[in-house]
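Working notes for the structure below.
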Amino acid sequence: VDADGHYTYTNRRLSSVFPSRPSDILEMHISDALGPQAYGKIEPHLMAAYQGESPVFEFTEAHDSRRIRVAFTPDKSGGVYILSMDVTEETQARVALQQARRREMAAQMTSGLAHDFSNLLTIILGMQSKLDKMELPPQGREMVRGTLSAARRGGRLLNRIAEMTSQRTLRPQATNMHALLSELKILATPSLPQGLGLSVLDNTPDVLLLLDAGKLQDALLNLILNARDACGVNGQITVSAHVMGQVWLEISVSDTGPGFSADALANALNPFFTTKGSEGSGLGLPMVYDMAKSAGGDMRVGNTVSGASVTLRLPYRLAPDAKGGLALLVEDSEELRATFRDMLIDLGYSVVEATSVDEAAALAVDIPDIALVLSDVRLEGEATGIDLAQRLKGSGLPMILMTSLPPSDPQFRMALKAGPVLQKTFDAQQLSALINPETPA
């Protein structure tokens, strides 16, 4: 843009970063091209660039909550060069990795303490069991039962801490959201009192998504039961699900209860905070939050005009086509290629093969009917499967990467940005679980 903020050059790609904005923006003022909301967020940085600074920053645009990174570089003529990038997928991967690191640190801190505490609880339970067999007065027997109950509750608390800090990663697989939400209502309804209604508003598209269905369903059940406790014997719980701009899957659980108090809103995601007194562990919402963050998403708690609301936002990732078709297999080991070829054929695919990124990219351009790309991370030549994912970005081709690298390896972490990663060795069932929702994980 020039010194007055009008575009003097454009590569006509603005709409690929801001889908709601035009790409033909030459001679347009930047405020008109971006719209008032986005311009309001970048204006202070643009003014700094006019003063000679080179700011690089990120913000979330309002249309469908994409994460945008912007770099401003001042020009000697008085204008500013602008580079905008959609880094939504990178941000989702970064959030997931940060959460994994937090869980790893929490596991290191708690494992030793949990082990010792578990041993103490075992001793207490053993001694109380012996006392229970003795002839005790009624008051003593009542104290034994109370001690046993408290010790067992401590054991359950330990188990929930172990679940939160364990190394169990999410296992995304092809998931039918219609079936998941329908089953959720069947599972939750028997635990609700007769005067408490449950509605499920399913506005998700007729596609298969890559999600850890078990973890997601557990999280939603947890939220429904929390809403039940808040509402009491009468009221309404509503679960609603929809997609935001092919970027996010958003699921909200709202109720007609009293809503979150100011204290609860401030501390709801802190482990062990509870408003249920001795009946609550304070780990329910933190476990749901952990699930969302581990997937690269987020969770928000708040109040509506009628009660409380908890909203999960998860990355919107399409699963490969379960109906078969043509698969592009990219693997430089002849022996492994034969193994993976057989797996794909058993799943109903025809297979074309490549050993390098250049060869695979050329096939993807020349063959229009490819329905799935299965690629190793390390391939023939210097380019990797991650580079192939970047080349194919925007093509709409579902891609699964596979690697023998450990999750701690930087390349493994980079691979997560491109989508699902299968760790070698895997079998046909694990591959199928990413493609076919009928296959158990």
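No lab work stands behind these numbers, since they all come straight from the coordinates. The structure displayed is predicted, hence computed values, not measured ones. When we count neighbours, we look across all protein chains shown, and the Cβ atoms used for this are built from the backbone with ideal geometry, even at glycine.
Take every Cα pair under 8 Å whose residues are at least 6 apart in sequence, average their separation, divide by the length of region 14-86, and the relative contact order is 23 percent.
Please tell me the relative contact order of region 301-441 in percent, rounded to the nearest whole number, where contacts are Cα pairs under 8 Å and at least six residues apart. Walk me through the numbers before you get to the answer.
Values: 211 pairs, mean separation 29.6, N = 141.
Here the relative contact order equals 21 percent.
Packing here is the average count of other Cβ atoms within 10 Å per residue, and on that basis the peptides 130-138, 171-179, highest first, run 171-179, 130-138. Is region 325-433 rounded, prolate or oblate when judged by the Cα gyration tensor, a ≥ b ≥ c being the square roots of its eigenvalues, rounded requiring a/c under 1.5 and prolate requiring a/b larger than b/c? In terms of gyration-tensor shape, rounded. What the phi angles of region 389-400 give under the Karplus curve with 6.51, -1.76 and 1.60, with θ = phi - 60°, is a coupling list of 4, 5, 5, 8, 4, x, 7, x, 6, x, 9, 10 Hz, glycine and proline written as x.
Please give the peptides 56-68, 308-320 ranked by average Cβ packing (other Cβ atoms within 10 Å per residue), highest first, as a rough proxy for protection.
Working: 56-68: 16.2, 308-320: 21.9.
Ranking the peptides 56-68, 308-320 by packing returns 308-320, 56-68.
From most to least packed by mean Cβ count within 10 Å, the peptides 31-38, 382-389 give 382-389, 31-38.
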